[in-house]
Amino acid sequence: MSTTVADLHDHHEDHGPAKGIGRWLFSTNHKDIGTMYLVFSLTMFFIGGAMALVIRSELAIPGLQFVHPEFFNSMTTMHALIMVFGAVMPAFVGLANWMIPLMIGAPDMALPRMNNWSFWILPVAFGILLSTLLMPGGAPASGWTMYPPLVLQTGDAFPFLIFSVHLMGISSIMGAINVIVTIINMRAPEMSLLKMPMFVWTWLITAYLLIAVMPVLAGAVTMLLTDQFFGTSFFLAAGGGDPVMFQHIFWFFGHPEVYIMILPAFGVVSEIIPTFSRKKLFGHDSMVYAASSIAFLSFIVWAHHMFTVGMPLTGQMFFMFATMLIAVPTGVKVFNWVATMWRGAMTFETPMLFSLAFVFLFTIGGFSGLMLAIAPADIQYHDTYFVVAHFHYVLVPGSIFAIMAGAYYWLPKWTGHMYNESLGKLHFWTSTIFVNLTFFPMHFLGLAGMPRRIPDYSTQFTDFNTIASIGAIGFGVSQLLFVGVILSAWKGSKATDRVWEGSHGLEWTVPSPAPYHTFETPPRARIADEAFD
Amino acid sequence: MLRKLFFSLPALGLAVTAKAEWALNMPKGVTDLSAETYNLHMMVFWWCVAIGVIVFGVMIISLIKHRKSKGVKPATFSHSMTAEVIWTAIPVVILMLMAVPAAETMIRLEDSRDPDISVVITGYQWKWHYRYQDEGIAFYSSLARSSIEARRKQSGVDPNTVDNYLLDVDRPLVVPRGAKVRLLLTSNDVVHSWWVPDLAIKKDAVPGIVNETWFNAKEAGTYRGQCAELCGKDHGYMPIVVEVVEPDAYLAWVEAWKEDAPKLASMHQ
């Protein structure tokens with residue numbers, strides 16, 4: 001393997017980036033494709049964020065001020081689909097594209113043409129999804145969970161919704177195959193599986209989850225399509241079908257999907273915390289086992305999203321106990337991060353600040369997750385703002401903070417320049433304050449009885465809704481700073497190869513910015529250890 | 001104008017008291033199971049607080065003490081089997097302490113045998129239909145007129161002046177205090193969910209399926225809830241009101257309803 005790669009490259013000495021738009025359209029370079037994924041994700045983050053602001057503006061005070069209920073429902077639906085499939089997942093694939101080959105000493109992803117294809121499907125998929133906003137009957141408004149029979153009441157947008165979900169699934173599956181093949185086949189000699197960096201590990205596990213569940217989602221939405229247009233009755237009670245079966249199939253995809261969005265985040269912070277603690281990651285191997293356990297458990301807990309649908313008692317018991325078990329490996333991860341910091345020599349650059357906020361605030365999301373696992377209590381929490389608070393805590397200061405931490409951490413390696421640190425810290429503090437202002441009051445709203453997905457509410461919910469709306473606007477504006485910081489990295493001081501004093505791993509042995517082609521001959525995995533210890 | 005203000009004053013007073021009752025936490029409710037649910041909720045909450053204090057406490061100590069700026073030399077330890085075993089085993093024990101009472105409540109929650117009254121609840125886009133199985137009483141229950149006026153986009157009506165804005169209906173479900181009421185839920189169109197926080201009941205109404213749950217309210221009063229499962233554009237506008245009345249009053253209500261049934265039925269066609 002290694003000799004073939006080296007031989008091939010002997011024949012392509014002048015292999016730099018192509019000129020013009022062709023460089024991006026036809027790119028097979030993991031760094032270019034990684035960049036495109038990240039830029040795409042950031043764009044979707046702002047589009048999805050704008051929709052969130054429509055939602056929060058309408059909910060700022062009781063009464064209906066700006067939008068009609070149907071459009072409000074479209075906003076919640078589109079916000080979720082765009083953030084899940086357009087912002088969070090592509091951001092992690094972007095980080096994987098950029099960093100996995102650099103971390104394992106591979107010259108590129110294993111299947112570069114498929115890599116190009118899996119990226120370019122995404123703008124098409126989201127072009128289709130966004131175009132539904134202009135269609136008769138409006139954009140999909142049945143929630144991102146697409147429960148039948150409600151989803152079958154979607155207007156002209158319905159087949160476009162299904163088709164765009166299919167495309168997103170195809171893109172994710174191809175990306176996942178690429179990650180697995182790259183990690184399994186293209187690691188530097190001496191890098192055994194258990195020596196792989198945590199980010200690579202968590203992505204390997206995530207990729208298997210993706211391959212396992214994206215086809216299930218594709219199957220579920222295909223059944224919706226045939227129910228609507230081809231006379232089947234998979235989910236239609238009138239034809240002998242079962243609407244609840246869709247929920248089972250959807251959440252069999254949906255729960256592993258939750259971990260697809262958080263495991264790579266675990267990986268990112270597991271890289272960053274050791275760097276800025278100047279200490280090795282505590283319990284590397286148990287972190288690997290914990291991530292694997294979480295992945296396994298994610299397949300047997302799906303019906304905890306469905307405690308109110310009317311399951312048999314034994315079923316509810318099983319899903320309650322299995323769900324509670326997830327707290328154990330998740331706890332192990334948190335304890336190991338804290339143990340990594342313990343007696344380290346910490347400094348607090350922006351990536352570290354985001355990672356620390358991740359540990360704090362993800363843990364708060366974990367606590368509310370544990371509360372939600374208790375089935376009798378979940379009957380009260382289910383479909384309220386308590387759930388909205390819970391999943392936004394694990395997704396925004398969870399996944400998204402980890403993505404931002406990763407962006408700050410590797411930005412100097414990508415651009416060759418340091419970003420503006422004070423601007424970065426400002427971005428961190430405004431984001432952290434406003435994210436809590438937005439989502440913490442939602443716990444109270446849910447406990448006090450406010451259902452989710454409603455455009456208007458009774459007046460006793462006013463105060464916390466107003467606070468949440470103010471927080472949301474603040475959080476949205478803060479993200480403009482993020483763009484500013486990224487742009488500042490083109491003008492900043494020159495970055496060294498190692499960038500951070502405490503960084504470890506192969507990615508820091510290549511120059512900053514990382515040249516267009518790296519590791520054309522495989523490095524020895526121990527190079528990094530020898531260079532940095 | 002003065003008249004309008006005069007009438008809205010008691011409503012404002014109500015809104016303030018309602019706010020105080022609902023503000024931060026789950027209601028204890030008025031059934032044994034709602035109290036049990038509340039206790040479970042608080043038990044897990046306090047466990048989370050305790051774990052949080054310890055974990056965040058250690059982390060904060062570390063953030064304060066173990067800084068490079070304080071001249072700390074980083075330690076070199078990177079694993080400990082003992083530590084991993086301890087922080088795997090302790091959470092397992094805590095989880096078992098939570099799981100046992102949760103399972104006990106779960107079992108009671110599912111036991112809807114021997115009801116005193118059975119009501120069939122059917123969800124419609126966007127109202128509820130109640131049918132008392134043995135009493136022959138049946139009616140629709142929709143959003144109250146006062147809220148219908150105010151809910152329209154830019155209606156010009158301040159929701160604060162509307163009594164129980166979006167939480168009032170034209171016709172509540174009436175049940176006697178101290179009776180075991182079994183609810184049989186289904187739907188005529190899409191999935192709805194019948195939720196009244198004070199009764200700790202949330203159960204989906206699914207087309208083609210009949211779900212079952214029950215409650216036994218210990219205190220007379222008016223308890224309000226909403227549809228909890230997204231069911232289309234007016235999902236936010238199909239509230240639930242349950243009037244729990246003394247048994248005598250309930251019997252009187254049943255009698256009165258039977259006399260007026262033909263009239264009421266025609267009114268609602």
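Every read-out reported here was derived from the displayed coordinates using simple, explicitly stated rules and does not represent laboratory data. Note that the structure is predicted; figures quoted are calculated from it, not measured. Backbone-built Cβ (ideal geometry, glycine too); neighbour counts: all protein chains shown.
Couple of notes before you dig in:
- Largest-first principal axis extents of the Cα set of region A:381-427 (Å): 47, 19, 8
- The mean number of Cβ atoms from other chains found within 10 Å of a Cβ in peptide A:347-358 is 1, as a whole number.
- 32 Å Cα-Cα threshold exceeded, pairs from A:Lys333/B:Lys65; B:Lys153/B:Lys218; A:Lys413/B:Lys73; A:Lys425/B:Lys28; A:Lys31/A:Lys425: B:Lys153/B:Lys218; A:Lys425/B:Lys28
- Tilt relative to chain A, helix A:462-488 - C-alpha long axis, 0 to 90 degrees, to 10: 20
- D_trans [Stokes-Einstein, Kirkwood Rh over alpha-carbon pairs] for region A:258-313, 4 °C, 1.567 mPa s, µm² s⁻¹: 96
- The residue among A:Leu313, A:Tyr408, A:Val179 whose Cα reaches farthest toward the positive pole of the charge dipole of chain A, with charges on the beta-carbon of Lys, Arg, Asp and Glu, is A:Tyr408.
- Within the straight-line cut-off of under 14 Å between alpha carbons, the aspartates and glutamates reachable from A:Lys195 are A:Glu271, A:Asp285, A:Asp529, sequence neighbours fewer than 8 places apart in one chain being disregarded.
- Shape of region B:171-269, Cα gyration tensor, a/c cut at 1.5: oblate
- Solvent-free Debye scattering, log10 I(q)/I(0), computed from the Cα coordinates of chain B at q = 0.07, 0.12, 0.13 Å⁻¹: -0.39, -0.87, -0.97
- P(r) weight above 16 Å for region A:156-243, C-alpha pairs, percent: 63
- Among the chymotrypsin sites (Phe, Trp or Tyr not before Pro) within region A:225-322, those in coil by DSSP and having at most 13 neighbouring Cβ atoms inside 10 Å are A:Phe230.
- Rg [Å, one decimal], Dmax [Å, integer] - region A:102-229, C-alpha atoms: 18.2, 59
- Region A:428-515: Rg to Rh, with Rh as the Kirkwood radius over Cα pairs: 1.26
- Across region A:313-444, Cα pairs under 8 Å and at least six residues apart give a relative contact order of 32 percent.
- Helix B:247-267 and the long axis of chain B differ in direction by around 60°, with both axes built from C-alpha atoms.
- Counting all C-alpha pairs of region B:36-163, share separated by more than 23 Å (%): 70
- Mean residue ellipticity at 222 nm, helices only, chain B: -14500 deg cm²/dmol; runs of at least 4 DSSP H residues each add -39,500 (n - 2.57), and the sum is divided by the number of residues.
- Span from the region A:112-136 Cα centroid across to the region A:318-391 one, whole angstrom: 33
- Paired Rg and Dmax values of region A:99-151, which use every Cα atom, in angstrom: 17.9, 51
- Rounded if a/c under 1.5, otherwise prolate or oblate - region B:25-71, Cα gyration tensor axes: prolate
- Peptide A:233-245 has a mean of 3 when you count, residue by residue, the C-beta atoms of other protein chains within 10 Å of its C-beta.
- Using only the C-alpha atoms, the convex hull of region B:98-182 corresponds to 170 Å³ per residue.
- Look at the stretch B:82-92: the mean tally of other chain Cβ atoms within 10 Å of its residues' Cβ atoms is 5.
- C-alpha long axis of helix A:243-277 to longest principal axis of chain A, angle in °: 30
- The P(r) of region A:380-533 has a tail past 19 Å containing 64 percent of all C-alpha pairs.
- Given charges at Cβ of Lys, Arg, Asp, Glu: chain B dipole, positive-most of B:Ala99, B:Thr82, B:Gly236: B:Thr82
- Ratio of Rg to Rh for chain A: 0.96 [Cα atoms; Kirkwood radius as inverse mean 1/r over pairs].
- Other-chain or far-sequence residues with amide H under 5 Å of B:Lys180's (modelled H): B:Asp116, B:Ile117
- Computed over region A:396-533, relative contact order equals 36 percent, with contacts defined as Cα pairs under 8 Å that lie 6+ residues apart.
- Per residue, the convex hull spanned by the Cα atoms of region A:291-407 amounts to 102 cubic angstrom.
- Centre separation in Å (Cα based) which lies between region A:169-234 and region B:44-72: 36
- Here the protein assembly as shown carries DSSP beta bridges of which approximately 70% are antiparallel, counting only pairs with both residues inside.
- Region A:482-517 and region A:280-312 have Cα centres separated by 35 Å.
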